[in-house]
Amino acid sequence: MEKVLFALEVEDGWPPVGTEGVWCEKVGENYQLKNVPFFIAGIAAEDIFHAIPDQVNDHIFEFEIVEESGHSVIWLMNNIDLEITEFVDIVKALGCSYEGFPQYSLAAIDAPPEVDVDQLNEVIDKFEEKGIDFAFPVWRLD
């Protein structure tokens with residue numbers, strides 16, 4: 001595996017970083033994403049994508065999905081400092097992975113294609129009602 005760096009477009013201070021590094025495996029001339037991104041929209045864990053790193057700084061500026069994995073990405077923003085241990089336990093029990101970025105009250109959730117979407121939506125709705133913000137940069141669940 002190798003760390004692949006994506007250049008991010010920062011607008012009005014968001015995202016709070018200009019680059020995100022993600023773990024990937026080379027698949028021929030392509031890459032397969034191995035973790036859930038915090039700031040890269042349009043790509044999910046296990047997707048295979050084609051990109052050519054910039055010759056100057058080795059960052060990815062553009063990519064093309066070659067093969068979708070069926071995984072979805074959910075971003076969670078906890079600006080109200082709500083205790084979310086219950087949320088984390090439930091999504092993990094459903095088969096999702098959860099990565100936190102406490103410095104920015106942010107989390108990224110990988111929802112695999114076999115997850116029970118009704119149960120997942122139920123827990124998201126419950127915590128959304130409590131004031132947690134969610135975004136769905138990649139949603140492939142039906």
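What 222 nm value per residue comes from the helices of the chain, counting each DSSP H run with n ≥ 4 as -39,500 (n - 2.57) and dividing by all residues, nearest 500 deg cm²/dmol?
-4500 deg cm²/dmol
Subtracting the Cα-Cα distance from 0.36 nm times the residue separation, let me have the gained length for residue 41 to residue 125 in nm, one decimal.
So the extension gain works out to 28.1 nm.
From the backbone phi of region 43-52, what are the Karplus-calculated ³J(HN,Hα) couplings (6.51 cos²θ - 1.76 cosθ + 1.60, θ = phi - 60°) in whole Hz, Gly and Pro given as x?
My calculation for region 43-52 gives 9, 10, 3, 6, 4, 9, 9, 10, 7, 10 Hz in order.
Read phi for every residue in region 18-29 and hand back ³J(HN,Hα) as whole Hz from Karplus 6.51 cos²θ - 1.76 cosθ + 1.60, θ = phi - 60°, with x for Gly and Pro.
Values, residue by residue: x, 9, 10, x, 10, 7, 9, 10, 6, 10, x, 8 Hz.
With the dipole of the chain worked out from charges on the C-beta (+1 for Lys and Arg, -1 for Asp and Glu) around the Cα centre, which of 21, 45, 8 lies farthest toward the positive end?
Among 21, 45, 8, the one farthest towards the positive end of the dipole of the chain is 21.
Counting only residues 5 or more places away or on other chains, whose amide H sits under 5 Å from the amide H of residue 54 once H atoms are built in the peptide plane?
Here the answer is 59, 60, 61, since their amide H atoms fall under 5 Å of that of residue 54.
Under a point-charge model restricted to the Cβ atoms of Lys and Arg (+1) and Asp and Glu (-1), what is the dipole moment magnitude of region 48-89 relative to its Cα centre, in debye to the nearest 20?
About 80 debye.
Name the residues of region 114-136 whose amide N is less than 18 Å from a point 7 angstrom out from the Cα of residue 97 along the C-beta direction?
From region 114-136, the list is 114-116.
Roughly what percent of Cα-Cα pairs across the chain reach past 18 Å?
Distances greater than 18 Å cover 56 percent of the Cα pairs.
Leaving out ligands and nucleic acids, and using a 1.4 Å probe, what accessible area per residue does the chain come to in Å²? Display every interim value, and only then the final one.
Numbers: 7840 Å² over 142 residues.
Accessible surface, normalised per residue, equals 55 Å².
Using amide H atoms built in the peptide plane, which far-off residues or other-chain residues are under 5 Å from residue 133 H to H?
For residue 133, the qualifying residues are 77, 79.
Quick one: 3J(HN,Hα) in Hz for region 119-127, Karplus 6.51/-1.76/1.60 with θ = phi - 60°, rounded, Gly and Pro as x.
5, 5, 4, 4, 6, 5, 4, 4, 7
Rank by packing, highest mean first: peptides 106-112, 33-39, 127-133, 18-24, with packing defined as the count of other Cβ atoms within 10 Å averaged across residues.
In decreasing order of mean packing, 106-112, 33-39, 127-133, 18-24 become 106-112, 33-39, 18-24, 127-133.
Considering lysine pairs in region 8-142 that are 8 or more places apart or on different chains, how many have Cα atoms under 23 Å apart?
So the count of such lysine pairs works out to 4.
The values are calculated or read from the model by the stated rules, or taken from the named source; none is laboratory data. Since the model is a prediction, treat every value here as computed from it, not as a measurement. With ideal geometry, Cβ positions are generated from the backbone for all residues, glycine too; neighbour counts draw on all protein chains shown. Heads up: the accessible areas ignore ligands, DNA and RNA and are worked out on the full protein's heavy atoms, side chains in. Shrake-Rupley method; radii C 1.70, N 1.55, O 1.52, S 1.80 Å.
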